[in-house]
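The values are calculated or read from the model by the stated rules, or taken from the named source; none is laboratory data. Predicted model, so just to flag it, every value in this text is computed and none were measured. Cβ coordinates were reconstructed from backbone atoms using ideal geometry, including for glycine residues, and neighbour counts include every protein chain displayed.
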Amino acid sequence: AQKVTQAQTEISVVEKEDVTLDCVYETRDTTYYLFWYKQPPSGELVFLIRRNSFDEQNEISGRYSWNFQKSTSSFNFTITASQVVDSAVYFCALSEAYRSGGGADGLTFGKGTHLIIQP
Amino acid sequence: DGGITQSPKYLFRKEGQNVTLSCEQNLNHDAMYWYRQDPGQGLRLIYYSQIVNDFQKGDIAEGYSVSREKKESFPLTVTSAQKNPTAFYLCASQDKVSFRGTEAFFGQGTRLTVV
């Protein structure tokens, strides 16, 4: 069965430091999708990035970057020059193509990493 | 503005009562989902629906029921059979037509407390 592990329960850094959130996944499928979501105190999950299993290119979006490595089943997320507004819970999630059968049957989430950026 | 609306934001339930959480979307998405979030836990799938008048159990469906009579609406009922209903409930939708790993959009959640 699929599984997502976010080993870091909570990370606290001082503003402007770089921080990396780890995500390790397990899946039997060769075609799958990985996601990162941000959950601010308001509660709503905000989509950050999607990556499919055939695309191992790293991605950078402003201060955010993602490192996808199939060899280690990891999809890590780095925030450069962190800001107080980055404080939130961050979730990594997995969706398997075979399980969906062409449809849509939900995501498997990690337990989340609570990121605290101190001013 | 397109989006997902959950109501109410806070809900209190007495022991033995059924309560219904509302979820409405105007994104014209085919698929809709209900997740439960407990403190320090990730989101766990309760029910999902890929099309009107059809829905499937997720990983923790016991004690919950849903309906999908309209494309834009997917209400969740927490029944008295749910032994530990206090949690944060999130509704999501997804564009199934183009689904190949498209992102899900989430509502702002309903916090349910048993009193």
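Things to note:
- If you go through segment B:30-45 and keep only what is closer than 17 Å to A:S95 by Cα and either at pLDDT 95 or above or within 7 Å of another protein chain (Cβ to nearest Cβ) (or both), you end up with B:A31, B:Y33, B:W34, B:Y35, B:G42, B:L43, B:L45.
Yes/no matrix, rows are residues, columns are (1) at the interface with chain B (Cβ under 10 Å from one of its Cβ atoms); (2) at pLDDT 95 or above:
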residue	(1), (2)
A:E56	no, no
A:A93	yes, no
A:R99	no, no
A:H114	yes, yes
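- Criterion violated by A:Y32 - all others in (1) in contact with a helix residue (DSSP H, G or I) (Cβ under 8 Å, 6 or more places away or on another chain); (2) more than 11 Å from chain B (Cβ to nearest Cβ) satisfied: (2)
- Cβ-Cβ distances below 9 Å connect the following pairs, each with a first residue in segment B:45-64 that is of a type in the set (G, A, S), a second residue that is surrounded by fewer than 21 Cβ atoms within 10 Å (Cβ to Cβ) and part of a strand (DSSP E or B), and a separation of six or more residues or different chains: B:S49/B:F55; B:S49/B:Q56; B:G58/B:R44.
- Matching residues, segment B:67-82, being without any contact (Cβ under 8 Å) to a residue 40 or more places away in the chain and under 23 Å from B:L27 (Cβ atoms): B:S67, B:R68, B:E69, B:K70
- Any hit, segment B:87-107, residues being of a type in the set (S, T, N, Q) and facing another protein chain (nearest Cβ under 8 Å): yes
- Of all residues in segment A:36-52 being within 9 Å of another protein chain (Cβ to nearest Cβ) and over 19 Å from A:R63 (Cβ atoms), the one that is surrounded by the fewest Cβ atoms within 10 Å (Cβ to Cβ): A:S42
- Residues in segment B:11-45 that are aromatic (F, W, Y) and within 14 Å of the chain's Cα centre (by Cα): B:Y33, B:W34, B:Y35.
- Residue in segment B:48-66 that is in a strand (DSSP E or B), crowded, with 22+ Cβ neighbours inside 10 Å, facing chain A (nearest Cβ under 9 Å) and at pLDDT 95 or above present: no
- Members of segment B:19-41 that are part of a loop (DSSP other than H, G, I, E, B) and surrounded by fewer than 22 Cβ atoms within 10 Å (Cβ to Cβ): B:N26, B:L27, B:N28, B:D30, B:D38, B:P39, B:G40, B:Q41
- Verdict on A:V84 being away from chain B (no Cβ under 14 Å), more than 24 Å from B:G107 (Cα to Cα) and more than 13 Å from the chain's Cα centre (by Cα): no
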